[in-house]
Structure formats: C-alpha cells, structure tokens
Amino acid sequence: LELISKLATSIKPDAKNILDIGCGAGNNTISILRERSGLNCDLVDISLPMLKKAKDRISKEQAGEVRIFHGDFRNIDLPASHYELIVAAAVLHHLRDDSDWEKCFQKIYSLLKPGGALFVSDMVHHEHSTIHNAMWDRYGDHLESIGGNEYKQRVFEYIEKEDSPRSLSYQMELMKKVGFTTVDVLHKNSCFAAFVGIK
C-alpha cells in the first residue's frame, strides 16, 4: 500500500479522480488519500456491505466526492477518459478466459485520462511449471505457518474453484497490447506482484 500510494501521487501529483476496482474496505484509496487529499473517489465492489464500509471509512478522510457503484466492474457504466488514477487490488485474478482479460484491460484503459496510471497488486501464476510449483510451495508454506495444513488446503481449493490468475508477463504484455505506453513491475514476492501501467 505504501509503495503504490507514494508512486501514485508522484506520477500524478495533479490527480483529481481515482477509481478503486474491487475496493473492499477501501484500504488502497485511504492510503492514497493520506498522500494526496481531496481526490474524488469512485468505488466499485460486488459486495454492497463492503462498499458501504469503504464509503464510510473514506468519507472520514480528506476526500472529495465519494461515489459507490455496486456490481461487477465489467458491467458498470463509468465515465470514459475521466480518471488520473485507477487501483485494482486482489481483484483481477477473478477474470476468466483470455477474452475476459483483454476486455477488462481495454475498459480500464478507456477510463483513464492520457497520462493516467493503473496500479495493480494481485496474485500471479508463472508460465514455467517448475517455477510455478516452487512459488506455489512457498505460498503453501506461508499459509500453513499462519493457519495450519487445513487452512492451506481451504485456500488452495478456493483458488482452484474461483480464481484464474495469469502470469505477470501475460498481464504486462496485455497492457501494452491495449495501449499502455509504459508498464513496469513495482514489486514481486512469490505468487504476488504489484505493477503499473501508464496511458
């Protein structure tokens, strides 16, 4: 959060509008607001209770207008070329086939103003099976250390059923394909990565 917040406000110090896709409790937006107050905040989430919680928390910060959009980001009408900043934390891995991924990145690109930046932090897979298995084992060890083997199995079963992560290189290449002029890796640790695309 700290890394993305500082970079977001450095890349777009004149930002006025931020979109938080899959905002959850609003942690990403709150962190950015503490670096750059006064932003108008649009929040999207499929969970109405989380949206309400995020709006309540963000409204206590030095924010501009705060709007909530309940539903699946892919189906919500949002203003084109409107946002200087878009954040998507732990949400894009729910996308399914290649067409779904490409349409989503195209939509995000269309919502950004020229020079606007997309910041993603999410789970990633690896293209080489040996590398992927090694990273998955590391993640499994971490899960087991905090919740035991049963917890690890529950998380892995949920991921298998509900998630479709793609590799970091896949996502960065796709960002270039839809038009982002700059893409860069901010951080990577095992199966998780943070990266940015600038329109």
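The values are calculated or read from the model by the stated rules, or taken from the named source; none is laboratory data. Note that this is a predicted model, so its numbers are computed, not measured. No Cβ is skipped: glycine too gets one built from the backbone with ideal geometry, and neighbour counts run over all protein chains shown. Each accessible area value is taken on the protein alone, full model and side chains, heavy atoms only, with ligands, DNA and RNA left out. Shrake-Rupley method; radii C 1.70, N 1.55, O 1.52, S 1.80 Å.
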Quick check on segment 152-163. Is at least one of its residues at pLDDT below 95, closer than 21 Å to I108 by Cα and open to solvent by less than 50 Å² (accessible area, probe 1.4 Å)? yes
Considering only segment 42-51, I want to know if a residue exists there that is open to solvent by 60 Å² or more (accessible area, probe 1.4 Å), in contact with a strand residue (DSSP E or B) (Cβ under 9 Å, 6 or more places away or on another chain), modelled with pLDDT of 95 or more and farther than 25 Å from I159 by Cβ. no
Among the residues of segment 164-194, write down those that are touching a Lys or Arg at 6+ places or on another chain (Cβ under 8 Å), crowded, with 19+ Cβ neighbours inside 10 Å and assigned to a strand (DSSP E or B). A194
Checking I76 against (1) open to solvent by 40 Å² or more (accessible area, probe 1.4 Å); (2) of a type in the set (A, V, I, L, M, F, W, C); (3) in contact with a strand residue (DSSP E or B) (Cβ under 6 Å, 6 or more places away or on another chain): exactly one of these is not met. Which one? (1)
Out of all the residues in segment 19-33, is one or more open to solvent by 50 Å² or more (accessible area, probe 1.4 Å) and in contact (Cβ under 8 Å) with a residue 60 or more places away in the chain? yes
Filter segment 1-36 down to residues that are among the polar types (S, T, N, Q) and touching a strand residue (DSSP E or B) at 6+ places or on another chain (Cβ under 7 Å) and give me whichever is farthest from A90 (Cα to Cα). N17
Of the residues that sit in segment 106-136 and are part of a loop (DSSP other than H, G, I, E, B) and open to solvent by less than 60 Å² (accessible area, probe 1.4 Å), which one is nearest to L78 (Cα to Cα)? V124
Within segment 96-104, is even one residue at positive phi, out of contact with any helix residue (DSSP H, G or I) (no Cβ under 7 Å at 6 or more places or on another chain) and not basic (K, R)? no
If you take the residues of segment 82-101 that are in a helix (DSSP H, G or I) and open to solvent by less than 50 Å² (accessible area, probe 1.4 Å), which of them is nearest to D163 (Cα to Cα)? H93
Among (1) on the phi < 0 side of the Ramachandran plot; (2) free of Cβ contacts under 8 Å to residues at least 60 places away in the same chain, G148 falls short only on (1)
Just the residues that are in contact (Cβ under 8 Å) with a residue 24 or more places away in the chain, surrounded by fewer than 14 Cβ atoms within 10 Å (Cβ to Cβ) and acidic (D, E), please, taken from segment 52-73. E65, D72
Cβ-Cβ under 6 Å, sequence separation 6+ or interchain: first residue in segment 114-130 and among the hydroxyl-bearing types (S, T, Y), partner buried (at least 18 other Cβ atoms within 10 Å of the Cβ). Which pairs? S121/A89; S121/A194
